[in-house]
C-alpha cells in the first residue's frame, strides 16, 4: 500500500501542468478538433470538437459548432452541438445553446436561450471517453452488439 501511495504521488508530479490560457480571438475561424490541458477562451469561431481538462470560456462573440468537453465552462456566446462539463456550466444572459447539455451543476442567468436536451449527472465523470463507453454498455444491455 505504501508503494502505491508513492507511485500515485509520483504520477501527479510527472503530469504536465499547463496554466496558460489559450485564446481564439474575434475574427479567427478554426476548423478541426482541439485538445488541451489548459483553459481556453473562444471569442472567434470553432467548427469541430474541443476537449480540455481545464475551463472553457465562450465569449459574447464566440461560436462553437461541435462538441465541447471540459471541467468547467462559462458561455456568453453560442454553442451548436453537445457541451459536456464535469463540474459547473454557467450560461450567461446573452448565451444561446442549441443541442445537448451534460453537466454536474448548471447555472442559468435570466435571458439565456437553450433549445435541446439537458442531463444532470450525479458524478464528475463527463469525459469524452466515458460517454462512448456508456453508449456501448447501454447498447450491449439492450441486446445490441457493438463493433470494435
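The values are calculated or read from the model by the stated rules, or taken from the named source; none is laboratory data. Keep in mind that this is a model prediction, so the values were computed, not measured. Cβ coordinates were reconstructed from backbone atoms using ideal geometry, including for glycine residues, and neighbour counts include every protein chain displayed.
One residue alone among 135, 146 is surrounded by fewer than 16 Cβ atoms within 10 Å (Cβ to Cβ), touching a helix residue (DSSP H, G or I) at 6+ places or on another chain (Cβ under 9 Å), modelled with pLDDT under 90 and over 26 Å from residue 21 (Cβ atoms), and that residue is 146. The set of residues from the range 103-113 being surrounded by fewer than 19 Cβ atoms within 10 Å (Cβ to Cβ) and part of a strand (DSSP E or B) comprises 104, 105, 106, 107, 108, 113.
Here is a yes/no grid of residues against (1) out of contact with any helix residue (DSSP H, G or I) (no Cβ under 6 Å at 6 or more places or on another chain); (2) more than 22 Å from residue 117 (Cα to Cα); (3) free of Cβ contacts under 8 Å to residues at least 24 places away in the same chain; (4) in a strand (DSSP E or B):
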| position | (1), (2), (3), (4) |
| --- | --- |
| 30 | yes, yes, yes, yes |
| 46 | yes, no, yes, yes |
| 67 | yes, no, no, yes |
| 79 | yes, no, yes, yes |
| 83 | yes, no, yes, yes |
| 86 | yes, no, no, yes |
| 94 | yes, no, no, no |
